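Asker: Dropping a structure here in structure tokens format, bear with me for questions.
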Amino acid sequence: MKKKFSHIGLAKLCGWFGITRQAYYQNNWEGISTTLEEELIIQRVKEIRKNHRRMGTRKLYEMLQTFILEHQIKIGRDSLFNMLSANQLLVRKRKRRIQTTNSYHWLRKYPNLIREFVPTAPNQLWVSDITYWKINTGEHLYISFITDVYSHKIVGYQVAETMEAVECIYALQMALSALGAESHLNLIHHSDRGLQYCSHAYVKLLQEKNIKISMTENGDPLENAVAERINGIIKQEYLETYDIDNLKDAKKLLTEVVDLYNNERPHMSISNFTPNTIHHSKTTIKTERLWKNYYRKQITFVNSI
């Protein structure tokens, strides 16, 4: 179905076939409408997937709501799932594992400060992590992310050919540049015990800004669950769907992807708002948060973001 059909309601459909709405319901024309509606939805899904190439069904369903209302289409999430399955548009998850954390070093390791901590506003808790990105040449690039836990906004990032501490510092400097002069005084920075985050330069920058330092105590992914989840979203839903050959193109693409993630991708754990909406809201948004303290093993948000 071509784009000229992208704003069609039931009234127009009936007009095309020379029937009234009453005749439509009386003479079982639903089959024709259903086929056209399915084509419209599939077309819209493909348009969304141009930027969000591996977005899951739940997120697609949320992003389709305005479109569904405009076209007077009745479809539930399960029906959308079946439709995508029938059209081979479901996303298959890929397995990964390259170790990016080296915690066997002599540098000072800091205690975990967030066992019972639940943020109530942006810039109270940031989490950091490093992930890898395999490009077309077979080489690996390494991405440092800093994410605000309350809003799930990526506030700092850096991609490089190495995992040196300086690359993580660039991500931290980006995050700090958006803060006001005093807004970081009650901020906790949480990470794993990797060499990069324990390095003198990284720790010094946090201490200069009076940011509390928190670190995981073992290899349990739940100790840094938000950071782990963000890594997966950015890689699996976005980066791995592109063909990249060099660092220059990787930097450009990562910037575009982070912008899509922060400004367009809805999150169930923040009532299907986007991270930027929550992060920069001047009023308290009353939402039922689906995530709880990881220490109690109740992190339902890991599968819901």
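Asker: Within the stretch 70-85, is even one residue within 23 Å of V257 (Cβ to Cβ), assigned to a loop (DSSP other than H, G, I, E, B) and at pLDDT 60 or above?
Answerer: Among the residues of the stretch 70-85, not one is within 23 Å of V257 (Cβ to Cβ), assigned to a loop (DSSP other than H, G, I, E, B) and at pLDDT 60 or above, which makes the answer no.
Asker: Please verify whether H152 is out of contact with any helix residue (DSSP H, G or I) (no Cβ under 9 Å at 6 or more places or on another chain) and not charged (D, E, K, R), treating the condition exactly as stated.
Answerer: When the stated conditions are applied, H152 does not pass them.
Asker: Out of the stretch 151-176, which residues are over 15 Å from E228 (Cα atoms) and of a type in the set (S, T, Y)?
Answerer: Within the stretch 151-176, S151, T162, Y170 meet the criteria.
Asker: Could you please find all residues in the stretch 204-225 being in contact with a helix residue (DSSP H, G or I) (Cβ under 8 Å, 6 or more places away or on another chain), of a type in the set (A, V, I, L, M) and at pLDDT 90 or above?
Answerer: L205, L206, I213, M215
Asker: Is it true that N112 is farther than 28 Å from N263 by Cα and either touching a Leu at 6+ places or on another chain (Cβ under 6 Å) or surrounded by fewer than 20 Cβ atoms within 10 Å (Cβ to Cβ) (or both)?
Answerer: It is true that N112 is farther than 28 Å from N263 by Cα and either touching a Leu at 6+ places or on another chain (Cβ under 6 Å) or surrounded by fewer than 20 Cβ atoms within 10 Å (Cβ to Cβ) (or both).
Asker: Could I ask something else about it? Would you confirm whether any residue within the stretch 40-50 is in a loop (DSSP other than H, G, I, E, B), loosely packed, with under 13 Cβ neighbours inside 10 Å and modelled with pLDDT of 75 or more?
Answerer: Yes, the stretch 40-50 has at least one match.
Asker: Still on this structure, I have one more. Has the stretch 177-187 got at least one residue that is closer than 20 Å to K251 by Cα and either of a type in the set (A, V, I, L, M) or in a strand (DSSP E or B) (or both)?
Answerer: The answer is yes, given that some residue of the stretch 177-187 is closer than 20 Å to K251 by Cα and either of a type in the set (A, V, I, L, M) or in a strand (DSSP E or B) (or both).
Asker: Being within 18 Å of S151 (Cβ to Cβ) and touching a His at 6+ places or on another chain (Cβ under 8 Å) is the filter here; which residues of the stretch 228-258 pass it?
Answerer: Correct list: I230 only.
Asker: Looking at the stretch 208-260 only, could you name the residues that are among the hydroxyl-bearing types (S, T, Y) and either surrounded by fewer than 18 Cβ atoms within 10 Å (Cβ to Cβ) or not in a helix (DSSP H, G or I) (or both)?
Answerer: S214, T216, T241, Y242, T255, listed by residue number.
Asker: Any idea which of S199, S144 is touching a Cys at 6+ places or on another chain (Cβ under 6 Å) and hydroxyl-bearing (S, T, Y)?
Answerer: When all the criteria are applied, what remains is S144.
Asker: Then there's this: In the stretch 120-166, what count of residues is obtained for those that are modelled with pLDDT of 95 or more and of a type in the set (K, R)?
Answerer: 1
The values are calculated or read from the model by the stated rules, or taken from the named source; none is laboratory data. From a predicted model like this one, the values you see are computed outputs, not experimental measurements. FYI the Cβ positions are ideal-geometry reconstructions off the backbone, even for glycines, and counts take in every protein chain you see.
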